[in-house]
Structure formats: C-alpha cells, structure tokens
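Structure first, then comments.
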Amino acid sequence: MSFDVQALRGEFPILHQTVNGKPLVYLDNAATTQKPRAVIDAVSAYYEGVNSNVHRGAHYLSDKATAEFEAARATVAAFLNAAREEIIWTKGTTEGINLVAQSHGRERLRPGDEVLITALEHHANIVPWQQACERTGATLKVVPLNEDGSVDEQAYHDLLNERTRIVALSHVSNSLGTVNPLARWLKAARDAGAVTLVDGAQAVAHFPVDVQQLGCDFYACSGHKLFGPTGIGALYGRRELLDAMPPYQTGGEMIETVSFEKSTWNELPYKFEPGTPNIAGVIGLGAAVRWLDRQDRTALAMHEDALLASATEQAEAFDGLKIIGNAATKVGVLSFLLDGAHPADVGTLLDQQGVAVRTGHHCCMPLMDGLGIPGTVRASFSIYNTAEEVDQLFQALEKVRTFL
Ligand code: PMP
C-alpha cells in the first residue's frame, strides 16, 4: 500500500489554516498531536446523542454510554495487548505514573530500597518517584547518558541491584527523541526482582507497543499524544500487581460496599476509577485508536523516519546549528540550538513564519542541566507532516539567522 500524505492531511481539519499570514507548519507534535475528523466526530456524536453517566444503567442512554465507554477500553486493551481489566483510565501519563508511585510505590518501598530512572526522564517520571522516595526513605538513582543522548547501558546494568525495587523508564525521550531498547533492559530489571514502569507518552503514536512482548509491569500513555482528546490516558498494569495495590483515590464507583466503619473495593479496573470519568475523552480515545488501527503503520513509520532523516541531514548542513541528542535510534524529534540565539527567540521568529515548534526545557530540567544548556528548539514530527514542511522549517531558520 502506498502512503498518501495529502489524503491523510485531509482528515485533519486544523492543519488547513494560516498562522501569522503563512500556512501553518505544525511541528509541535511531541507536545500534542492534532485530531482526525473521526475523533472530533466521535466526541460530538457522544454529546449530541449519547451523553449520560456510565455504569448507572437505569435507562437507555446510560446503557449506551456504558457500552461505548467499555468498548473503548477493549479497543485500547487490544492496542497494547493487555486484558480489559488491566486498562485503567487516567487523565494522562502524568496521572498514570502518580497512581503507581503513590499506590504501589508508597506501599512497597522501604528505607534502603532504590528506585531507578534515567537522566532522560520527563518531570512526570521523576517527581512522583522523588516524592515516593522522600515519604518512604528509599533512594532515587539515575542512569547517566552518553554524549549522543542515549542512555549509558553499562551504567544501567551497574546500577541495577538487589535493592532496586522499581525501575521507571521512558520508552522515547520527549526532548531528544531517543528510543530506549527496553525489552532487554526490562528483562534485566525483572531478573533483579524489580517492578517496572514504562512512560510511553512519546512512543504510542510512532510505533506499535505490545506490553507482553516488552515485559513491563506498568505502561502509561496519554490520549492527546495519540490523536485523541486531552484529559484522558490509559495505564496498563499487570493484574497481580493491580490486585495487590491499595486504591489511589477513593469515592464513588471504586467501592463494592460502604459503611461508616469500613469500605471494600470494586473489582478491577474500577477500583482505580473513582468518580464520574471523562466519558467523552474515553470515547474519543477509542475512536483515535480505531482510526490508527485502520492505517498502514509500517508506511506511517517509514514516512516519519524519512521526515526525521531529511531534517537531520538539513540540520547537519546548516551553519551554526547544533543538534542536541543524535542517538542512533530516534523517532520524531529534532532538538537543536542555533549559535548565539536563545531558543525562545528562535521559536518566536519561527512562529511569525507560521512554523510551530516548542522551545525551552521540555519538562526535562535535570536533562538540560546535565547537557549544560538552558533548553533547545524542538521540532517534532507526526504522520501528517510533509517533506515540504521540513524544507519550510529550514527556509524559516535561514530567515531567523538573518534577523539575529
Ligand atoms: N512523559 C513524557 C515523555 C512526555 O512527553 C509527557 C508529555 N509531554 C509526559 C510524560 C506527560 O504527559 P501528560 O502531560 O499527557 O500527562
């Protein structure tokens, strides 16, 4: 099947507009992806024809909302190769990691235990563990990076030991685009007796993820980075672990029985879903995954790789541009600095030309400190970007250079 990027773009209404008098070139996909018509329509159709509370089943609309809500769970479970009751709805990756750090982490960690992360992590995969360690007396250990922005694998194996209780790793770095070879690292973590969590926020839109094949205990991701709505995400958790964990938040829905003396918990996954959930978000995420499943994902990945290869080649040839993080395995991200220019100024001048990028520390302050830079300019690519848009980025950067 040949891949027609123009046809795909036609499904994304937002892309067809001008910004500051120029056609929009949206290269901020690592922050959030745009939404195809199928997702926008699914959310509208829910509010127009179905809106009702779920799991309260006394009437037609509630039954219908519940059926769509649970069908979306089955869709996401199949997408990650998990069982239905192992998928917990969250607000996003951040909440998924907090759930595990607060429920599993605070319950299980003891003084002297260690939690292992890498120097690449997003704040969402640092701060919850830091807090869990502070509350329990455990210690946070950090695997350093190589020069090219890849994780130092030898250091990872050296730091892993019998005190390591939890290993929390990003699948793909949001700042640099580095892809971590997780399958073998997770195996080593399991062999050391640690529980593993993967921050999949930046992975799921770029390549298929199979949590069984990866061999992780938890996998957290966000709908909005996967062509779905904001405010909804999924956490995969291995059933035995979820069963053993105390609730993260409490209230309605997550209980089996309540008395003033004592309450008991609902079965999985509801034990971790108190209160009225983001029903429209769940239905929108289900639609996003079904839409993505209909695409030729090999062709999409090849297209994205070609965009990144072209961007990298043009960046290497661009006078005064330094690529930050050039690991051998990357997806979707070109992070860079221009000589003598602050990233924020570059971002503003690109925006004036219709090119949307992100600048700054990208929620990775420790990573930027380690690299000795205040931040980067980050162009991040998705399936609907074109080779011409990559060229437009560099034409716009030529202009930026003349302004500065
Ligand atoms: N981890 C990574 C690697 C991310 O890129 C992000 C989003 N920038 C997050 C975690 C947090 O995701 P969310 O804001 O959707 O909760």
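The values are calculated or read from the model by the stated rules, or taken from the named source; none is laboratory data. Given the structure is predicted, the values throughout are model-derived calculations rather than measurements. Note that each Cβ is placed from the backbone with ideal geometry, even for glycine, and that neighbours are counted across all protein chains shown. Keep in mind that these areas ignore ligands, DNA and RNA; they rest on the heavy atoms of the full protein, side chains included. Shrake-Rupley method; radii C 1.70, N 1.55, O 1.52, S 1.80 Å.
Numbers for the structure displayed
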{"read-out": "All-pairs Cα distance distribution in segment 267-306, expressed in whole percent, bin size 10 Å", "value": "24, 30, 26, 17, 3"}
{"read-out": "Förster radius 56 Å - calculated FRET efficiency between Q130 and Q6, Cβ distance, rounded to 0.05", "value": "0.75"}
{"read-out": "By accessible area with a 1.4 Å probe, ligands and nucleic acids excluded, highest first: order of R73, R108", "value": "R108, R73"}
{"read-out": "Relative contact order of the chain, pairs being alpha-carbon contacts under 8 Å that are 6 or more residues apart, as %", "value": "23 percent"}
{"read-out": "FRET efficiency, 1/(1 + (r/R0)^6) with R0 41 Å, evaluated for E240 and F318 via beta carbons", "value": "0.20"}
{"read-out": "Area accessible to solvent at C133, 1.4 Å probe radius, in Å²", "value": "10 Å²"}
{"read-out": "Area accessible to solvent at K225, 1.4 Å probe radius, in Å²", "value": "40 Å²"}
{"read-out": "Fraction of the pair-distance distribution of segment 271-347 above 18 Å, Cα-Cα pairs, percent", "value": "63 percent"}
{"read-out": "Over segment 253-404: Kirkwood hydrodynamic radius from C-alpha pairwise inverse distances, Å", "value": "18.8 Å"}
{"read-out": "Whole-Hz ³J(HN,Hα) from phi, Karplus 6.51 cos²θ - 1.76 cosθ + 1.60, for segment 188-196, glycine and proline x", "value": "4, 5, 4, 4, 7, x, 8, 8, 10"}
{"read-out": "Segment 104-247 - Rg (one decimal) and Dmax (whole number), Cα, Å", "value": "14.6, 42"}
{"read-out": "When the convex hull of its Cα atoms is projected in every direction, mean area for segment 222-321 (nm²)", "value": "10.5 nm²"}
{"read-out": "Sum of -39500 (n - 2.57) over DSSP H runs of 4+, divided by residues of the chain (222 nm, nearest 500)", "value": "-11500 deg cm²/dmol"}
{"read-out": "Per residue accessible area of the chain, 1.4 Å probe, in Å²", "value": "41 Å²"}
{"read-out": "Restricting segment 274-313 to trypsin sites (Lys or Arg not before Pro) in coil, as DSSP defines it, with at most 13 other Cβ within 10 Å", "value": "R294"}
{"read-out": "Karplus-derived HN-Hα couplings along segment 124-133 (A = 6.51, B = -1.76, C = 1.60, θ = phi - 60°), whole Hz, x at Gly and Pro", "value": "5, 10, 10, 4, x, 6, 4, 5, 4, 5"}
{"read-out": "Lysines with Cα under 26 Å of K91, excluding same-chain neighbours fewer than 8 positions away", "value": "K35, K64, K225, K271"}
{"read-out": "For segment 171-185, Karplus couplings with θ = phi - 60° (6.51, -1.76, 1.60), whole Hz, Gly/Pro x", "value": "6, 9, 6, 6, 7, 10, x, 4, 9, 8, x, 5, 3, 6, 5"}
{"read-out": "Under 5 Å, built H, 5+ apart or other chain: amide partners of V333", "value": "F381"}
{"read-out": "Principal semi-axes in Å for segment 1-118 [√(5λ), Cα gyration tensor, largest first]", "value": "34, 27, 14"}
{"read-out": "Kirkwood Rh and Cα Rg combined as Rg over Rh, evaluated for segment 191-257", "value": "1.03"}
{"read-out": "Within the accessible area of segment 41-293 (1.4 Å probe), percent carbon and sulfur", "value": "49 percent"}
{"read-out": "Calculated diffusion of the chain, Stokes-Einstein form, Kirkwood radius summed over Cα pairs, 37 °C and 0.692 mPa s, µm²/s", "value": "148 µm²/s"}
{"read-out": "Neighbour-limited loop hits for GluC sites (Glu not before Pro), segment 122-172 (at most 16 other Cβ within 10 Å; DSSP other than H, G, I, E, B)", "value": "E147, E162"}
{"read-out": "Accessible-area ranking of T329, T376, largest first, probe 1.4 Å", "value": "T329, T376"}
{"read-out": "Those aspartates and glutamates that a straight Cα-Cα span of less than 17 Å connects to K262, excepting residues fewer than 8 apart in one chain", "value": "E253"}
